[in-house]
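The values are calculated or read from the model by the stated rules, or taken from the named source; none is laboratory data. All figures in this text were calculated on a predicted structure; none of them were measured in a lab. Neighbour counts are summed over all protein chains in view; Cβ atoms, including those assigned to glycine, are modelled from backbone coordinates with ideal geometry. The accessibility values were calculated without ligands, DNA or RNA, using every heavy atom of the protein model including side chains. Shrake-Rupley method; radii C 1.70, N 1.55, O 1.52, S 1.80 Å.
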Amino acid sequence: MTTLISKWNYPTTVRFGAGRIKELPEVLADVGIERPLFVTDPGLAKLPVVASTLKIMDDAKIPYGVFSEVKPNPVESNLTAGIEAFRKGEHDGVIAFGGGSALDLGKLIAFQAGQQRPVWDFEDIGDWWTRADASAIAPIIAVPTTAGTGSEVGRAGVITHEATHTKKVIFHPKMLPAVVIADPELTTGMPPFITAGTGMDALAHCLEAYCAPGYHPMADGIAVEGIRLVLENLPKAFANGNDLVARAHMMSAAAMGATAFQKGLGAIHSLSHPIGALYDTHHGMTNAVFMPYVLAFNREAVEDKIARLAAYCDIKGGFDGFAKAVMDLRKELKVPHTLPELIKDLDMDEERKALIADMAVVDPTAGGNPVKLTKEGARALLEKAIAGEV
Ligand code: NAD
């Protein structure tokens with residue numbers, strides 16, 4: 001019984017369904033936000049999906065500010081500028097609107113605007129989160145426009161520390177959005193590359209959570225159904241961006257992945273984090289590249305579990321059948337098979353490879369890999385992903 005001990009956290013209120021973005025004024029009132037800062041990214045800010053959402057607030061005569069200086073893979077200068085906008089506009093809450101980058105930055109602005117210590121003091125290490133003044137954290141409403149990161153149901157924000165080229169996870173329980181509006185209509189404008197990358201991110205979250213050791217049967221259950229939803233719906237959403245049913249199921253799978261990964265992640269993320277920080281690649285697409293190599297690397301520890309998963313997903317052939325399904329899905333979504341196909345003119349000498357392996361083993365996700373990730377193991381995985389040898 002000593003191993004059947006665990007801590008479980010479950011998400012927040014989610015208003016799920018096509019068209020529900022029109023409920024934004026009601027949600028703001030429920031949460032008690034009167035002067036929201038609307039945080040999005042510069043690409044989205046130019047799209048009709050933002051204009052139509054701002055019009056909903058205009059029509060309801062809600063005074064708001066807009067902040068859109070958010071890089072994909074946000075950095076500290078984005079956070080500093082966002083906090084300045086938050087304070088200058090005397091805002092009392094944040095609407096985080098966009099993909100993982102805008103959601104994370106919006107959450108971090110709401111968290112950090114009232115703190116006295118530097119944001120790096122709140123990295124997700126031990127009980128560092130208790131250093132924060134919880135009463136100074138502003139409420140957050142999250143509105144995802146991609147279906148991948150699941151940041152909308154998470155209690156953390158990812159930000160790149162530029163000086164060390166590392167992605168840091170900043171954690172606080174109150175960074176969990178008070179309400180999520182999950183409206184699949186908002187995701188129909190995603191171009192196929194982003195649909196594929198974000199969808200594969202959701203798959204990576206579910207798969208790594210399911211394979212992580214530890215006692216969390218609820219996370220496992222959520223992860224397997226999330227995987228089934230991705231396998232059945234991502235190809236449809238990729239082929240036809242306006243397929244609202246497929247978009248809706250992908251939006252659920254994304255939230256399920258982030259709910260499940262409280263159990264742990266693994267080597268897909270341990271390698272994709274340093275690659276993302278050093279080469280500024282798309283997070284989900286980088287996960288997608290590493291997925292089959294890591295699955296093969298972990299085979300001895302997860303073979304039976306994956307066979308059970310394959311059976312649930314109606315895939316024949318146990319572990320091998322599932323591994324093939326992942327390869328076929330990647331092909332269908334035009335995911336690069338190797339790192340040189342992902343990163344043009346890839347410059348990775350021996351020193352750089354050693355650095356990536358060093359960064360991978362200390363990444364907080366490494367501990368969740370079912371096979372211990374050593375420097376040699378991380379280096380071998382990197383070489384395989386360069387050569388394309390699964
Ligand atoms: P993203 O937010 O970086 O967006 C990618 C691109 O898609 C942007 O150019 C954006 O403008 C565009 N886009 C977004 N929605 C669109 C729409 N509906 N129509 C057209 N274009 C649209 O991508 P992402 O994959 O959602 O997020 C990645 C970020 O999330 C990374 O910084 C990653 O580290 C972070 N992340 C966070 C968590 C977490 O738990 N907090 C988990 C995984 C990843």
Original post:
Averaged per residue, what accessible area in Å² does the chain show with a 1.4 Å probe, protein chains only?
Top reply: 42
**OP:** Indicate, rounded to the nearest 5 percent, the antiparallel portion of the DSSP beta bridges found entirely in the chain.
**Re:** 25
**OP:** Pull out the extension gain between R117 and Y312, defined as 0.36 nm times the separation in residues minus the alpha carbon to alpha carbon distance; nm, one decimal.
**Re:** 65.5 nm
Original post:
With a sphere of radius 14 Å drawn around the Cβ of V361, what net charge do the other residues whose Cβ falls strictly inside it have (Lys, Arg +1; Asp, Glu -1)?
Top reply: +1
Original post:
Can you give the FRET efficiency for T374 and A81, using 1/(1 + (r/R0)^6), R0 = 35 Å, r = Cβ-Cβ distance, to the nearest 0.05?
Top reply: 0.30
Subject >> Tensor-based shape of region 154-299 (alpha-carbon gyration tensor, a/c under 1.5 rounded, otherwise prolate or oblate) >> reply: rounded
Subject >> Gyration tensor verdict on region 31-101 (Cα atoms; rounded if a/c is under 1.5, prolate if a/b is larger than b/c, oblate otherwise) >> reply: oblate
**OP:** May I ask you to order 90-102, 345-357 by the average number of other C-beta atoms within 10 Å around their residues, highest value first?
**Re:** 90-102, 345-357
Subject >> Residue-count net charge about I343 - beta-carbon cut-off 12 Å; Lys, Arg +1, Asp, Glu -1 >> reply: -2
Original post:
Residues of region 358-390 with amide nitrogen under 16 Å from the 7 Å Cα-to-Cβ point of A301?
Top reply: 360-382
**OP:** Return one number: the angle in degrees, 0 to 90 and rounded to the nearest 10, between the long axis of the Cα atoms of helix 48-59 and the longest principal axis of the Cα atoms of the chain.
**Re:** 30
**OP:** Could you work out how far helix 283-297 tilts from the main Cα principal axis of the chain, as a 0 to 90 degree angle to the nearest 10?
**Re:** 30
**OP:** Net charge near A380: determine it from the other residues with C-beta under 15 Å of the C-beta of A380, scoring Lys and Arg +1 and Asp and Glu -1.
**Re:** 0
Original post:
Where does helix 100-112 land angle-wise versus the long Cα axis of the chain, in degrees 0 to 90, nearest 10?
Top reply: 50
Subject >> Calculated FRET efficiency for the pair E332/D59, C-beta based, R₀ 45 Å, to 0.05 >> reply: 0.60
Original post:
With each label point set 7 Å from Cα along the Cα-Cβ vector, what nm distance links T13 and W128?
Top reply: 3.2
Original post:
When the helix-only estimate is applied to the chain (DSSP H runs of n ≥ 4, each -39,500 (n - 2.57), divided by the residue count), what is the mean residue ellipticity at 222 nm, nearest 500 deg cm²/dmol?
Top reply: -16000 deg cm²/dmol
Original post:
By per-residue mean of other Cβ atoms within 10 Å, what is the highest-first order of 53-64, 190-201, 366-377, 331-342?
Top reply: 190-201, 366-377, 331-342, 53-64
Original post:
Could the peptides 8-16, 179-187 be put in order, highest first, of the mean number of other beta-carbon atoms found within 10 Å of their residues?
Top reply: 179-187, 8-16
Subject >> E389-S6 FRET efficiency (beta carbon distance; Förster radius 45 Å; 0.05 resolution) >> reply: 0.80
